[in-house]
Amino acid sequence: MSDPSLHTESVTVPNGDLAIQAYLAYPQMGGPFPAVIVLQEVFGVNAHIRQVTERIAQAGYVAIAPALFQRTAPGFEVGYSEAELAEGRHHKNQTRASQLLSDIQATIAYLQAQPWVKPGGMGCVGFCFGGHVAYLAATLPAIRATASCYGAGIATMTPGDEGPPTITRTPDIHGTIYVFLGMDDPLIPAAAVDAIAAALQAHQVDHRIFRFAGAGHGFCCDQRPDYRPEVAAQTWEAIFALFAEKLG
């Protein structure tokens, strides 16, 4: 059932000749509100990501989830079976870091043009593939608060293999970043966690690393086998504290 306190709609974000589909939510009353960009898992802007977008809006933000697979799979959204995971990974493997950053920058420009968006810095939050993309997005000047949840490959690659791993972009992070990782995640070994922590520390980025013992991959998603309600609750508490402090 939709929340009557929220305005929700599907919108189109222009980026040159590309029209990016996005899901938008914000409170019906009040405003303007700080803005947060929600970055999807490999399963697309599906029902779960729309619920996440609404959850952030319920906390007093404009939240928008742009389709990160717009170029190869417009309208893509699937569930969580092994076959659907394989399909999502197929599209994830076709993304490129430069295009993802371009699409997020276009989303920022779209938000900045809306009267119900508070001027100033924005936030972003990403999960799984989106957790990696959030680390990339943190390098954009407008992004002042980033929550990266179980983003695999940050220490070892960048989307589309466009240059060295995403971790090498750490010096370009302008704001604050919180990184949430499960210590039983087979996609993010402990060595990668240590490498991310070391890079953020070495470059004096304002950050926190959350290492959850006994948590695997996807611990915030109640549709996935690795969902851990207590870990998800701690994660969301920290995310909203970050946004409240940095975005107002």
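The values are calculated or read from the model by the stated rules, or taken from the named source; none is laboratory data. Please read these numbers as outputs of a predicted model, since none were measured by experiment. So basically every Cβ, Gly included, is an ideal-geometry build from the backbone, and we count neighbours across all protein chains shown. Areas reflect the complete protein model, heavy atoms only, side chains present, ligands, DNA and RNA absent. Shrake-Rupley method; radii C 1.70, N 1.55, O 1.52, S 1.80 Å.
If you check G126 against the conditions, is it touching a residue at least 60 places away in the same chain (Cβ under 8 Å), open to solvent by less than 30 Å² (accessible area, probe 1.4 Å) and either touching a helix residue (DSSP H, G or I) at 6+ places or on another chain (Cβ under 7 Å) or assigned to a loop (DSSP other than H, G, I, E, B) (or both)?
Yes: the conditions hold for G126.
Quick one: is T107 in contact with a Phe, Trp or Tyr (Cβ under 7 Å, 6 or more places away or on another chain), in a helix (DSSP H, G or I), modelled with pLDDT of 95 or more and of a type outside the set (K, R)?
Spelling it out, it is not the case that T107 is in contact with a Phe, Trp or Tyr (Cβ under 7 Å, 6 or more places away or on another chain), in a helix (DSSP H, G or I), modelled with pLDDT of 95 or more and of a type outside the set (K, R).
Restricting to the range 27-76, what's the tally of residues that are among the hydroxyl-bearing types (S, T, Y) and under 17 Å from the mean Cα position of the chain (by Cα)?
The qualifying residues number 2.
Would you pick out the residues in the range 215-232 that are out of contact with any helix residue (DSSP H, G or I) (no Cβ under 8 Å at 6 or more places or on another chain) and over 16 Å from I188 (Cβ atoms)?
P225, Y227, P229, E230, A232
The rows are residues; the columns are (1) within 21 Å of A47 (Cα to Cα); (2) in contact (Cβ under 8 Å) with a residue 12 or more places away in the chain.
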{"position": "G131", "(1), (2)": "yes, yes"}
{"position": "A147", "(1), (2)": "yes, yes"}
{"position": "G182", "(1), (2)": "no, yes"}
{"position": "E237", "(1), (2)": "no, no"}
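For the range 1-82, give me every one of the strands (runs of 3 or more DSSP E) that falls completely inside it and has 3 or more residues that are in contact with a Ser or Thr (Cβ under 6 Å, 6 or more places away or on another chain), open to solvent by less than 10 Å² (accessible area, probe 1.4 Å) and not basic (K, R).
In the range 1-82, the matching strands (runs of 3 or more DSSP E) lie at 62-66.
Inspect all residues belonging to the range 157-164 and state whether any of them is touching a strand residue (DSSP E or B) at 6+ places or on another chain (Cβ under 7 Å) and either of a type in the set (A, V, I, L, M) or open to solvent by less than 50 Å² (accessible area, probe 1.4 Å) (or both).
Looking through the range 157-164, none of the residues is touching a strand residue (DSSP E or B) at 6+ places or on another chain (Cβ under 7 Å) and either of a type in the set (A, V, I, L, M) or open to solvent by less than 50 Å² (accessible area, probe 1.4 Å) (or both).
Filter the range 199-226 for residues that are touching a strand residue (DSSP E or B) at 6+ places or on another chain (Cβ under 9 Å), crowded, with 19+ Cβ neighbours inside 10 Å, among the hydrophobic types (A, V, I, L, M, F, W, C) and outside any loop (DSSP other than H, G, I, E, B) and give the result.
L200, F212 - these are the residues of the range 199-226 that are touching a strand residue (DSSP E or B) at 6+ places or on another chain (Cβ under 9 Å), crowded, with 19+ Cβ neighbours inside 10 Å, among the hydrophobic types (A, V, I, L, M, F, W, C) and outside any loop (DSSP other than H, G, I, E, B).
Just to verify a result, which residue in the range 52-104, among those that are of a type in the set (F, W, Y) and touching a residue at least 40 places away in the same chain (Cβ under 8 Å), is nearest to L18 (Cα to Cα)?
Y61
Restricting the search to the range 227-248, which residues are open to solvent by 60 Å² or more (accessible area, probe 1.4 Å) and touching a strand residue (DSSP E or B) at 6+ places or on another chain (Cβ under 7 Å)?
Selection gives K246 alone.
When the range 168-193 is examined, which residues are found to be of a type in the set (F, W, Y) and farther than 13 Å from A152 by Cβ?
Y178
Can you tell me which residue is nearest to G123 (Cα to Cα) among those in the range 156-175 that are part of a loop (DSSP other than H, G, I, E, B) and within 17 Å of the chain's Cα centre (by Cα)?
Applying the filter and picking the extreme gives G175.
Within the range 170-198, how many residues are out of contact with any strand residue (DSSP E or B) (no Cβ under 8 Å at 6 or more places or on another chain), closer than 25 Å to E245 by Cα and surrounded by fewer than 20 Cβ atoms within 10 Å (Cβ to Cβ)?
Final tally of qualifying residues: 3.
Within the range 176-198, count every residue that is part of a helix (DSSP H, G or I) and over 28 Å from G121 (Cα atoms).
The total comes to 4.
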